[in-house]
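Input: a single structure, listed below in structure tokens.
The values are calculated or read from the model by the stated rules, or taken from the named source; none is laboratory data. Owing to the predicted nature of the structure, the values given are computational and were not obtained by experimental measurement. Counting neighbours? That spans all protein chains shown, and the Cβs are built from the backbone with ideal geometry, glycine included. What goes into the accessible areas is simple: the full protein's heavy atoms, side chains included, and nothing from ligands, DNA or RNA. Shrake-Rupley method; radii C 1.70, N 1.55, O 1.52, S 1.80 Å.
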Amino acid sequence: MGRRGAVAAGATVAAAAVTAVAAARRGTGRPRAVVVGSGAAGATVARVLARSGLYDVLVLEKGPLLHPGLGGDIASVGNMFAGDELAYEIRPSPFAQDPLLEPRSFRPTAKSGMRTFVGEVNNLPTLVGGATAHYDAKARRLREVDFLTNSLLGGGPDSPAIAGTTYTDWPMRYAHLEPFYAVMEELVGVQGPAYRDGSGAIVNPNPLESPRSTPFAMPPGVAMYSNLVLADAARRLGLHPAPVPTAVNSRPYRGRPACNDCAFCLDFGCPIAAKGGGIWLLHDALRTGRVELRSESTVVRLEVAGGSRAGGLGHVEAVTYIDAEGSRQTETADLVVLACTPIEAVRLALRSGIGAPPDERDPAARRPAAGDPGGLLGRNLMFHRQTVVYGVFDQDLHPHRGRTSTHTIDDLAGSGPSPRDFDASIPRGGILELGGNANPIFEAMAMTQVAHGAALKRILAVSPFRRHLNTLTMQGEDMPQLTNAVDLDPEIVDVLGEPVPRITYSPHRHEVEAANRYTPRLQELLGAVGGTGSAYPELHALEIGVNVPDQVPNDKHIMGTHRMALDSEHGVCTPYGRMWAFDNLYCAGGGLFPTAPGYNPTLTIWALSYWVAAAIVSGLGATGHRTAAQVDAGAATLTRVIAQLDADTMIARRLGRTGVADAAPMITPAT
Amino acid sequence: MARLEVSRRGFLAGAVAGGAATALPVDLVARAASVLAASGARFFTAAEYATCDALSARILPSDDGRPGAREARAVDFIDLFLGAFDLPASAADQPAIWIRGPFSGRNPYPDPIAGGASSRYPPSDMRDAAGRRRFLPLTGRRALAWRARLEGPAVITENPELPDPYRAAIKRGLIPLDPPLRSLYRAGLAAFDDVARVAAGGMFADVPTSVQDAILARASGGTSLGGGGHAPTIAQPAAQLYPVLEAHTLQGCFALPEYGGNRDAAMWRFARWEGDTQPLGNTVYDPALADADLGPAQGRNAGFGRPGVYEPRGGYREVRLVSTPDPAADPGEGAAIAVLLGLR
């Protein structure tokens, strides 16, 4: 494929700088990996590549560094986050992508015109460490059935079981990813209820999770009152509420303190570093001495080499970025990993001459193009369909005291976790998150919809939202569709002059019907709080309502757009994250998900990122596994990387130190 | 959710029928006047400051004898924001957009040995030793965005350093930008004074609160005063400012005091809200529940009630909390909410 536009005008100086840097690099004798993005995915990949000793790693992050001292002694790593509702929930936040500088556009379908909205669309925090700064850290695994639901429903590789979708199986199985879930739970620090009993067996109080090989790193922290009253009602209805696995310390852990339930979790950076996230994996990576981080550096182009490599594959030889001073810089790369959200990865690929946007007149048609033989790049954008039901209760629930949500219920995610339990007649919804809170500025501003002046003040004194609200949020599975896509807005550019991403998205009938079906169950659950037989008989809901989703998607769970598959006809990336059409371009993150099961995606992003990085360092990433049996064998190789690079973890001890696979290069764990 | 059935018409009619609404205590008025004199307003003129203060005072009033927007100095919050880029180096280290954390210094460290709070407090990260406010740096082009919000699109469209197509997208309105706040306030506050002059022959701050409330009812798009047919007309700039001013007033009441409002955190006390809680947090360590191997357990929590026992070896059992009513809560609160929601 043709080299894309070469390096832009004014790059002469930059080119000289590149030469100098490259020369300096040669001294290490190691190839250089450039990782675009420093969040959950990028930090994990950078950490594994650096610890392998096989790569020098350059991490380019467009957001600012808000953790002074990162990479030094962990006890002295600072932060600038406060329990500050104004900064993090009312104004465009310090780590938000500013919609005036970097807007995105949106339209429901290609028939809606060029766009129907410009501004904040699915924005994630952009800062060093990524969106794990703002999340409330639910760290859920997918279940066994989630990897092969399409087959269980009677579909096949070319036949999605749900009409109008591209529903498909994942190229690997839960058992393949299980050790990667386990190692990431331990590296990030996940609290949860499963423990090891006296006989050494794992006991999991949540019967709806798939088998696990290790207990959680920490026990559950203090439960929130607002969650306990809902869990009590749920049990009486025959549901299975359980403490939610959460990447928040319940005990001092790996140099960071225990959470003290300060009330500012979802949307906020953690002021005491009790929240686990990408930032601490990046800290680990920097400690190897083989990782360089450049913040406020926005990658705008992948420089694709002319000609083609063995097998007709493309090759990325450099990346161009705009640095903190606004200057264009180019850095050579032997390996590039896109870890910059499913939306930004597509934008960057399209800007670099990889793939093609959908045909406006036939948006459901694939468009095979250079770098994307399957014509799927940017397609199958998925979110979670949130169904929100809330109640105003007569008793003060102090719903802010805690970690936003401490319990979840899995009964509405579909049939049981094992393929043996699969029942096609049960609609797939998603996990049900209990609790959620409102802060005082939000409450006051919301209440101006109904009252002003003295009347407003009387309402704020009793606080129906902030003190008396309890919420249920179902994260419903969203179907992949070719017509839900990311491309470039034809007119609008951002402050750097780069075309902004355009999101075209409409829900499929499946998730709308599932939401409609489960909404009454959620209302029933809220109505069952308190009363006879309850541990909280004095409580009851004064009012139960349903929140209707906004038209413009603002979901933070973003998946699809460069899905993995066993061949390039069915996915943009291999089962190991490499773009099928390239020899050295990999993707990590939620964009790899072939489907969007109704669980918070971050832990799966972590597990897949370790999986992808393990494939790179073991050499497996370069191969094109095309059968389930090959992936099954490959998984064993990848698992050995865990045993070698993170030998001090519970999962590594369980796996045993099995040595290096014959085909894999020598790996030296960093100290 | 049921719409609130609080009748604005009934409320205001009552206020007017009963003559002037309950007057503010004289000392509060005097205090406000002295605060004005010493305010060192950065954006507002003295007249604008008085008008904005008077408007805020009716948006969240203190007629009930409890602090409202005037006592919180919401006007200072608004002035600091509108003048965010005009602060002298002696007042702030960065433009006043986002305060810098992590700690305010209002809350102590926990005491993991004795349980509960210790007597040690961290210094405030939000001010330096000289009392100068500390804010987060506006990295990248963020200063540009905030200036545009405050001053208008020319900050971007007339900036030759920015890419032409971006400037054009702002100019054409392809990228939406709300009306600039500084001119919105200038024109809107003047318009409120004009309306007050026509209606009652005085500046907004000087006319009776019943008249002020009537003007605000019109500006907010609420029902007009019935009966007399003398409802003042509201000039467009005042109507445009109203929703912005209302939002900013409420922000000024309930934001961190470091932003200039919520003086002495009085509005948090009104709302029975702990505010920022770090580094103490809401979980108070209970040494009686400590695990030998894992450090202090989290147990007793004044807000949560009394916990059960955490068993480190018999398995990670869910910590069970016994429900106890919040002693601070008004036992009639539920009933009051039901009435406010129109359910009873």
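Some values worked out for this structure:
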quantity: Residue match in segment B:153-175 (condition: within 27 Å of the chain's Cα centre (by Cα), more than 12 Å from chain A (Cβ to nearest Cβ), part of a helix (DSSP H, G or I) and surrounded by fewer than 18 Cβ atoms within 10 Å (Cβ to Cβ)); calculated: no
quantity: Contacts under 6 angstrom Cβ, first residue in segment A:267-290 being at negative phi, partner crowded, with 24+ Cβ neighbours inside 10 Å and basic (Lys, Arg), 6 or more apart; calculated: A:281/A:47; A:284/A:47; A:285/A:47; A:288/A:51
quantity: Among residues of segment B:138-152, those that are open to solvent by 50 Å² or more (accessible area, probe 1.4 Å) and more than 8 Å from chain A (Cβ to nearest Cβ), counted; calculated: 2
quantity: Per-region count, segment A:460-481, residues away from chain B (no Cβ under 14 Å) and open to solvent by less than 10 Å² (accessible area, probe 1.4 Å); calculated: 8
quantity: Residue check for residue A:249: within 14 Å of another protein chain (Cβ to nearest Cβ) and open to solvent by less than 20 Å² (accessible area, probe 1.4 Å); calculated: yes
quantity: Subset of segment A:432-459 that is assigned to a loop (DSSP other than H, G, I, E, B) and either away from every other protein chain (no Cβ under 12 Å) or under 20 Å from residue A:543 (Cβ atoms) (or both) - its residue that is most open to solvent (accessible area, probe 1.4 Å); calculated: A:449
quantity: Index of the failed condition, residue A:75 passing every other in (1) touching a residue at least 24 places away in the same chain (Cβ under 8 Å); (2) assigned to a helix (DSSP H, G or I); (3) open to solvent by less than 30 Å² (accessible area, probe 1.4 Å); calculated: (3)
quantity: Failed item in (1) open to solvent by 20 Å² or more (accessible area, probe 1.4 Å); (2) within 11 Å of chain B (Cβ to nearest Cβ), with residue A:288 passing the rest; calculated: (2)
quantity: Odd one out for residue A:233 among (1) open to solvent by less than 30 Å² (accessible area, probe 1.4 Å); (2) more than 9 Å from chain B (Cβ to nearest Cβ); (3) under 23 Å from the mean Cα position of the chain (by Cα); calculated: (3)
quantity: Count of segment A:580-607 residues which are under 19 Å from residue A:167 (Cα atoms) and among the hydrophobic types (A, V, I, L, M, F, W, C); calculated: 3
quantity: Selection from segment A:372-394 of residues that are of a type outside the set (Val, Ile, Thr), surrounded by fewer than 24 Cβ atoms within 10 Å (Cβ to Cβ) and touching a residue at least 24 places away in the same chain (Cβ under 8 Å); calculated: A:373, A:374, A:386, A:390, A:394
quantity: Qualifying residue in segment A:387-402 (condition: more than 12 Å from chain B (Cβ to nearest Cβ), assigned to a helix (DSSP H, G or I) and under 30 Å from residue A:484 (Cα atoms)); calculated: no
quantity: Check on residue A:345, within 20 Å of residue A:125 (Cβ to Cβ) and surrounded by 19 or more Cβ atoms within 10 Å (Cβ to Cβ); calculated: yes
quantity: Residue that is modelled with the lowest pLDDT [pool: residues in segment A:173-196 that are under 29 Å from residue A:255 (Cβ atoms) and open to solvent by 10 Å² or more (accessible area, probe 1.4 Å)]; calculated: A:196
quantity: Failed item, numbered, when residue A:109 is tested on (1) over 30 Å from residue A:181 (Cα atoms); (2) open to solvent by less than 10 Å² (accessible area, probe 1.4 Å); (3) away from chain B (no Cβ under 14 Å); calculated: (2)
quantity: Filter pass, residue A:51 being open to solvent by 30 Å² or more (accessible area, probe 1.4 Å), at pLDDT 95 or above and within 14 Å of another protein chain (Cβ to nearest Cβ); calculated: no
quantity: Some residue of segment A:534-556 being open to solvent by less than 60 Å² (accessible area, probe 1.4 Å), more than 14 Å from chain B (Cβ to nearest Cβ), acidic (Asp, Glu) and in a helix (DSSP H, G or I); calculated: no
quantity: Residue satisfying condition, being on the phi < 0 side of the Ramachandran plot, more than 22 Å from the chain's Cα centre (by Cα), within 14 Å of chain A (Cβ to nearest Cβ) and open to solvent by less than 50 Å² (accessible area, probe 1.4 Å), within set B:125, B:63, B:111; calculated: B:111
quantity: Filter result for the condition that a residue is under 24 Å from the mean Cα position of the chain (by Cα), buried (at least 23 other Cβ atoms within 10 Å of the Cβ) and among the charged types (D, E, K, R), over A:102, A:89, A:120; calculated: A:102
quantity: Only listed residue being closer than 28 Å to residue A:46 by Cα and among the small types (Gly, Ala, Ser), chosen from A:155, A:119, A:129; calculated: A:129
